[in-house]
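Take a look at the structure set out below.
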Amino acid sequence: MKLREMMTPNPLTLSPNQKISEAAIIFMENKVDGAPVLDENRKLVGLFTKSHIYRVINSHMDMSMKVEDLMTREILTGHPDDKFDEVITPQVPRLPVVDETGVVGMICRGDIAKAFFNSYRNISLELDTIMNSTHNMIVSVDEQGMVKVFNRSAEKLLCIKAAEVIGKNILEILPNSGLMDVINTGKVEPLQKVKLNERFFISNRSPIKKDGKIIGAVAVLQDISEINKMSKELRYVKELNEELDAIVESSFDGLFITDGDGNILRYNKAFEQLTGINAHEYRGRSVSDIKNDGILTEPVTFDVLKQKKTITVMQESRYGKITLTTGNPVIDKNGDIIRVVCNVRDITELNMLKQKLEQVQGLSQHYESQLRTLKLQYDNSEKLVFTSTKMKNLVSMVVRLAVVDSTILITGESGTGKELIAEIIHNNSSRKDKPFIKVNCGAIPENLLESELFGYDRGAFTGARKEGKPGYIELAAGGTLLLDEIGEVPQNIQVKLLRFLQSKEISRVGGRSYNKVDVRILAATNRDLLDMVQRNEFREDLYYRLNVVPVHVPPLRDRKEDIPSLISHFLQLFNRKYKMNKRVLPEVVDIFMEYNWPGNVRELENLIERLVVITLNEIISREDLPSHLAKPQDESTPYVLVSGIIPLRAAIESVEKQLLEKVYAQFRTTRQMAKELEVDASTVVRKAAKYNVSQEKKNKNRQQP
C-alpha cells in the first residue's frame, strides 16, 4: 500500500507564529492530533501535536507561547508513492507527506491503525483462501483441543460443515485424529494411516509452537484412494519401462536414442557390439562426444535435429564396420523434437538380401510396366510421352500453372497433344476432384452451340425439354472447362462468352436471370487467333481474355528427340491391344527421324497402329512403310541424330559401336564388313573386341523376344 492511499489529503496546517492556545482550539474543532507547521513560503519547518499541548498544560506553561517554541523541528517526511511498510514504524506515529509542490497529506495514528487493520484483514482473508483452496484436508486445534481450522476439503471428504465443528473439542468430532497426542508429546508424526468416518487417510501431524511453547497442532490428510491410484500408475509406468527395455534389448538392430538436445538416453546391446562401446559409457553424454571419440564418423542425429525429418545415411564405426543408419524424429504436438530414435544395421546383412531384392525389383518393374500399359488404354494423361528438353520445360511450366486459376490459351498444330496438356493442368490443380468437361466447338453446329454451352430454360425454343437443360459451363461448375477449337466459335456467341469470362455469370437461352458459375476456362486451337483478329474473324477483346497465359505445344518436327520414345510407346500399346509382338528395325526409326510429320503425334500414332495391324512379319522394316516414307536415303549423306551434348570421345565411340553392330547384322565375314566400312579387317576385329560386338551376341539378340 502506498502513502497516497491512506493519507489525509490537504491537511490542516499551522503557522510558527500561532499561539499554542489557538492550536489547541483548532485541534479540538477539527478533531486532529497533529499538524505540520509551514512558514510564510509554505515550507515545512516543523510538526506540532497534542503531545506538545499536554506538555504545556501539565507543566503550567503559558498558553500564549508560540507554536515554534515547542514544535518538533527534526521530522521525517514521506512521499505519496512511498510504500507504507517501508516508511511507517512504531517510532513514527505521525508523518507529513510531501511532494514537489509541498505538503500534500498527513498520516496520523488513526490512519496507521486503519492501515494495520486492513492489512490484517487482507492477510486473514488470503490465508483462509489458501487453506480452502488446498486439495488436502487441513484440521488444526489449540492447546485445549478446540478446533480452529477446518477447511473445505475436510468438509467435502468428511461430510461435516466447518460451522458445526469450529470451537468444539476434536475428541468429540474426530476422536482418532491423533492431534491431542501430538500436543502432549510435541513430536511430528508423518505418514500416519488413520480412519476417519469410515474412510482411510494418510495423515501428517505437527505441533504448532510459539515462542517455544506448544499452542496447538495441525494435521494435513490425504485420501488414501488417491495414493493407491498414484501407486498403481507408478507401478504401471515401471512395468511399461521394463517392457520398453525388453523391446529395445531384443532388437537385432542397434538402437540409439537421444533427447531433443542430442543427449544420449539409451542404447541396446546390439549397438554396443556394432560400435564397441560399454553399456553405460556414453549414457547422459552428448552425441558430439561419440563423434569426437571416433565411435561413428557422422552421427545422423545432428541432421535429424536440424532438418526435422527421417534421414538414412551410411556410417563407418571405428572398427571399420559399415552401417546403414536411419534416424527418426519423435515430434510433440507443438512441433518440437523430443526424441531421436536411430536404427543401426550392419550393411553386410543387407548384402545377404541383395540378390532377392534385385529379383523383387525386377518383378516390380515388370509389373509396373504392365500396369502402365493398361493405364494408357484408359487414362489419356499417360499418353503424353516425351524426352526432349522442350517438352520437359513445357510440362514443368504447365504443372506450375495448374495451381493457379488463370485462363490459359493452348496453341499448337493439330495432333500435338493440346488436349493432353489441358488434362495435366486439370489433374494437377485444386479442381482435380471436380468435373473436367471437354467441348469441341468445331464439332457442334452453330445453331446449337449457344444452348450447348450456356444451357436453356423451359420453352426456350421448339423441341426444347420441358424441364430445360444445363449447359457445359454449368456442368463443369467447380471444375475445368476445355473449349477446344475455340477459333471456330461464331462471333455472336463470342460476345456472350466474353461476358461470362468477365463476370463469371451466365444466362441460359430463354432465361431472364444470371447465375454465378465457378469454373476454370482452358481454350485450345490450332489456328492463329491473332491473325484472325486482324482479319476481323475473332473478337480482339475475347482473344486477350483467353490469352492470359499462353501455352504453345511445339510440333513433332521441332522435338524429334521424342520420336524413339513415342515409337516404343505406341508399339507397346498396339501390340498389347491386338495381342501381337511386332518390332521395328533401327532403320525404320532413322526414317521416322528424317520425316517432317505434318500430322504430328497423331500421324505417328496412326502410322504405328497401321504398321502393327497390316505388317505380316514380326519385324517392321523399310519395305513395310508407306511410299512417301520408304524412299531409300541418299547414301552419300548419312544421317546421325544428335539429341544432346556429350563429350566428343564418347560420341565417336557410340557411333563406332552402332556402325559395327549394323555391319555384323548384315555381313558374315570381317572382310565384307571392312569393305563396307572402308577400313582394314584388322581394324574391324580390334574395334569389335573393344565394344564387345560379335556374331554370337548378334544371334543371341535375335533369339530374344
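Here, each number is a calculation from the coordinates, and none is a lab measurement. Note that the structure is predicted; figures quoted are calculated from it, not measured. Every residue, glycine as well, gets a Cβ built from its backbone with ideal geometry; the counts of neighbours run over all protein chains shown.
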| query | Near the amide H of residue 2, under 5 Å away, which other amide H atoms are found, from residues 5 or more places off or on another chain, if H is placed in the peptide plane? | reply | 84
| Theoretical gain in end-to-end length, residue 614 to residue 540 [0.36 nm per residue, Cα-Cα removed] | 21.8 nm
| query | What FRET efficiency, computed as 1/(1 + (r/R0)^6) with R0 = 41 Å and r the Cβ-Cβ distance, is obtained for residue 64 and residue 123, rounded to the nearest 0.05? | reply | 0.25
| Placing +1 at every Lys and Arg Cβ and -1 at every Asp and Glu Cβ, with all other atoms neutral, what dipole size does the chain have around its Cα centre, in debye to the nearest 20? | 1600 debye
| query | At what distance in nm do the modelled label points of residue 100 and residue 291 sit from each other, each positioned 7 Å from its Cα along Cα→Cβ? | reply | 5.9 nm
| remark: 1/(1 + (r/R0)^6) with r = Cβ-Cβ of residue 192 and residue 303, R0 = 56 Å, i.e. FRET efficiency to nearest 0.05, evaluates to 0.50
| task | Specify whether the C-alpha gyration tensor of the range 440-587 places it in the rounded, prolate or oblate class, a ≥ b ≥ c being the square roots of the eigenvalues: rounded for a/c under 1.5, otherwise prolate if a/b is larger than b/c and oblate if not. | result | prolate
| field | Taking the range 117-238 and dividing mean pair separation by its residue count, relative contact order in percent (alpha carbons under 8 Å, at least six apart) | value | 22 percent
| remark: Once normalised by the length of the chain, the mean sequence separation of its alpha carbon contacts under 8 Å that are 6 or more apart gives a contact order in percent of 6 percent
| Residue separation times 0.36 nm, minus the C-alpha to C-alpha distance between residue 493 and residue 269: what's the value? | 72.7 nm
| message | Helix-only mean residue ellipticity at 222 nm, the chain, DSSP H runs n ≥ 4 weighted -39,500 (n - 2.57), per residue, nearest 500. What is it? | response | -12500 deg cm²/dmol
| query | For helix 600-614, what angle does its Cα long axis make with the longest principal axis of the chain, in degrees from 0 to 90 and rounded to 10? | reply | 50 degrees
| remark: Quick calc, residue 505 & residue 236: beta-carbon distance into FRET formula, R0 56 Å, rounding 0.05, result 0.30
| task | Calculate the spin-label point distance for residue 679 paired with residue 2, positioning each point 7 Å from the Cα along the beta-carbon direction, and give it in nanometres. | result | 10.2 nm
| Sorted peptide list for 426-438, 263-275, criterion being average Cβ within 10 angstrom, highest first | 263-275, 426-438
| Percent RCO, i.e. relative contact order, over the range 20-115, from Cα pairs under 8 Å lying at least 6 residues apart | 24 percent
| message | Charges at C-beta only: +1 for Lys and Arg, -1 for Asp and Glu. How large is the resulting dipole of the range 458-532 about its Cα centre, in Debye rounded to 20? | response | 580 debye
| Per-peptide average of other Cβ atoms within 10 Å, ordering 559-570, 151-162, 325-336 highest first | 559-570, 151-162, 325-336
| message | Bins of 10 Å, beginning at zero and ending with the bin holding the largest distance: percent of Cα pairs per bin for the chain, please. | response | 2, 8, 9, 8, 10, 11, 10, 8, 8, 8, 7, 5, 3, 1, 0, 0
| note | Using alpha-carbon positions, the gyration tensor of the range 134-227 gives root eigenvalues a ≥ b ≥ c; with a/c under 1.5 called rounded, otherwise prolate if a/b exceeds b/c, else oblate, the class is oblate
| Tell me, in nm to one decimal, what length is gained between residue 316 and residue 399 on full extension, where the rule is 0.36 nm per residue of separation less the Cα-Cα distance? | 25.7 nm
| said: Suppose each label sits 7 Å from its Cα in the direction of the beta carbon; what would the residue 527-residue 558 distance come out to in nanometres? | reply: 2.1 nm
| query | How large is the dipole of the range 3-116 about the Cα centre if only Lys and Arg carry +1 and Asp and Glu carry -1, each at its Cβ, rounded to the nearest 20 debye? | reply | 340 debye
| message | Among 251, 268, 133, whose Cα projects farthest towards the positive end of the dipole of the chain, with charges put on the beta-carbon of Lys, Arg (+1) and Asp, Glu (-1)? | response | 251
